[in-house]
Amino acid sequence: MASAAPVAPDVPAVGAPAPAPAPAAPRGRSAARLPGLHLAAAVGNADWHLTAPLLAVLATSLHTDLATVTAAIGAYSLGQGLALPLWGRLSDRYGPRRALRWGLTVAAVAAAAAAVVDSPALWVAARAACGAGFAAVAPCAGLYHDALGDNTVRQRAYARMMTLTAGAAIATPVLAGLAARSMSWRLVFAVVAVLAALLTWYARALPPGAAPGAVRARRPLTGLIRSPGLWALVGLGTAEGLVLLGLPALLAPTLTAVRPGGDAALLVTVVYGASVCAGSVGIRLRAPARPALLLTLGGGASLLAAALLAVRPTVPVVFAAAILLGCAWGPLHTTLQTWAPRMLPPGARGTATSVLAMSGVLACAAGVALAAPLIEQGAFTALFAALATVAAVLCGACAAAGRRWR
């Protein structure tokens, strides 16, 4: 699918003052190649994966049970999902550079708090705040990549960022576990705080984007809520979150249920991350001119993975699904990120990216919560057949939306 034609802005009434021009997006093909933005995305993705390998150590150190520290994973996702629309509006109004620096500041303070607090409740709250701070990366990255203009250039830039974030996801559990065993888990979160603080300073090199207050005359939030493009983004983000985020999150629990003990659950996470890197590198090296082909490849791979798991989730099948889902991430996710936000006008592209991301994050969190009892009961066929249906709906929704917004 080619980039969507923007929705026509509201026509002012006769005699009404002309709306102020939309602030210019950061221009130049070098915008998305500046390392500060992609490094911020990598650190945010690494922070997302920090808690899982440290659960036992955290429960012992904070003098609480495993369920309490595990709740921090859900709190982090919830904080990130709920904060995304706020950062989207701020990035549209004040420019992506300011919004990114504000978000990284929140993340740095929250990570520092997580490194020093002793109360389990305060620690979970700090993790939620950290997720809310790093949520600023998504809409700001959307604005910087959108400014590149050409669809292929934008998609390759997104693939470059995805490669870096996937590498961070692979390395983080291993490095965090080693640091916690040899030194202290508090050092892990202190490193995140320092990196976020350094990136706040480093982000000054990014183009500023909009000037403060330049978007006051832009289409209001009520107008966006009535836009069919916004609700199409919600639908696409929900389906993508269930398939591209939810399915990979269920691979390790499924392996644990099928084959208790051993390191297979950690290994399948590494295999999935390596497959994401491989798919993203493929997009970087040669992004096809027709995005419809990428959507077909990504959607077909995710549908096949869910179908295989529904038939019989043996250990080889789970690893094959990890490879398929990892390879699907590059073509499907980068295409949606490149094309879908253009369903809204230029002045709302940050909001569009945040809505797409928010829908995916919240859908993933809800899907994993609902799937956990089914995995415990061994109801794999019903669970993965339902997700295969969602994958088929995602492919159909992409095709339908592509016909509506070419």
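H63 passes every criterion in (1) over 17 Å from L356 (Cβ atoms); (2) outside any loop (DSSP other than H, G, I, E, B); (3) of a type outside the set (V, I, T) apart from (2). From the list A385, A371, A397, A391, which residue is in a helix (DSSP H, G or I), touching a residue at least 60 places away in the same chain (Cβ under 8 Å) and touching a Pro at 6+ places or on another chain (Cβ under 9 Å)? Exactly one residue qualifies, and that residue is A371.
Restricting the range 351-369 to residues that are modelled with pLDDT of 85 or more and more than 14 Å from the chain's Cα centre (by Cα) leaves a set whose member that is nearest to C140 (Cα to Cα) is T351.
Table: residues versus (1) touching a Cys at 6+ places or on another chain (Cβ under 9 Å); (2) open to solvent by 20 Å² or more (accessible area, probe 1.4 Å).
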site: V137; (1), (2): no, no
site: L148; (1), (2): no, no
site: R156; (1), (2): no, yes
site: M161; (1), (2): no, no
site: G167; (1), (2): yes, yes
site: V174; (1), (2): no, yes
site: L178; (1), (2): no, yes
site: F189; (1), (2): yes, no
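Quickly run through the range 28-52 and pick out the residues that are in a loop (DSSP other than H, G, I, E, B) and at pLDDT below 80. Correct list: G28, R29, S30, L34. The set of residues in the range 286-310 that are touching a Ser or Thr at 6+ places or on another chain (Cβ under 8 Å) and open to solvent by 30 Å² or more (accessible area, probe 1.4 Å) contains only A289. Could you count how many residues in the range 240-271 are modelled with pLDDT under 85 and either touching a strand residue (DSSP E or B) at 6+ places or on another chain (Cβ under 8 Å) or among the small types (G, A, S) (or both)? Selection size over the range 240-271: 6.
Restricting attention to the range 40-69 and to residues that are open to solvent by less than 60 Å² (accessible area, probe 1.4 Å) and without any contact (Cβ under 8 Å) to a residue 40 or more places away in the chain, the residue that is farthest from T269 (Cα to Cα) turns out to be A59. Count of the range 72-92 residues, restricted to those that are within 24 Å of M183 (Cα to Cα) and open to solvent by 10 Å² or more (accessible area, probe 1.4 Å), is 1. Could you check, for the range 296-316, whether at least one of its residues is among the β-branched types (V, I, T), within 27 Å of L100 (Cβ to Cβ) and either assigned to a helix (DSSP H, G or I) or touching a residue at least 60 places away in the same chain (Cβ under 8 Å) (or both)? No, because not a single residue in the range 296-316 is among the β-branched types (V, I, T), within 27 Å of L100 (Cβ to Cβ) and either assigned to a helix (DSSP H, G or I) or touching a residue at least 60 places away in the same chain (Cβ under 8 Å) (or both).
Surrounded by fewer than 20 Cβ atoms within 10 Å (Cβ to Cβ) and in a helix (DSSP H, G or I), is that true of T152? The answer is yes for T152. One residue alone among R156, R127 is under 21 Å from V361 (Cα atoms) and in contact with a helix residue (DSSP H, G or I) (Cβ under 9 Å, 6 or more places away or on another chain), and that residue is R127.
Inspection of the range 204-218 finds a residue satisfying the criterion of being open to solvent by less than 20 Å² (accessible area, probe 1.4 Å) and either modelled with pLDDT of 80 or more or assigned to a helix (DSSP H, G or I) (or both). Here V281 clears all of (1) over 22 Å from R160 (Cβ atoms); (2) surrounded by fewer than 17 Cβ atoms within 10 Å (Cβ to Cβ); (3) touching a residue at least 40 places away in the same chain (Cβ under 8 Å) except the condition numbered (1).
In the range 333-348, the qualifying residues are those that are open to solvent by 10 Å² or more (accessible area, probe 1.4 Å) and either modelled with pLDDT of 85 or more or not in a helix (DSSP H, G or I) (or both), and the one that is nearest to G88 (Cα to Cα) is P345. Among the residues here, L55 qualifies as within 18 Å of D118 (Cα to Cα), assigned to a helix (DSSP H, G or I) and of a type in the set (A, V, I, L, M, F, W, C).
Determine whether A25 is of a type in the set (A, V, I, L, M, F, W, C), more than 18 Å from the chain's Cα centre (by Cα) and either at pLDDT below 75 or open to solvent by 20 Å² or more (accessible area, probe 1.4 Å) (or both). Yes.
The values are calculated or read from the model by the stated rules, or taken from the named source; none is laboratory data. Note that the coordinates shown come from a computational prediction; the quantities given were computed from them, not determined experimentally. Using ideal geometry, Cβ is built from the backbone for each residue, glycine included, and neighbour counts are taken over all protein chains shown. Please note that ligands, DNA and RNA were not included when accessible areas were found on the heavy atoms of the full protein model with its side chains. Shrake-Rupley method; radii C 1.70, N 1.55, O 1.52, S 1.80 Å.
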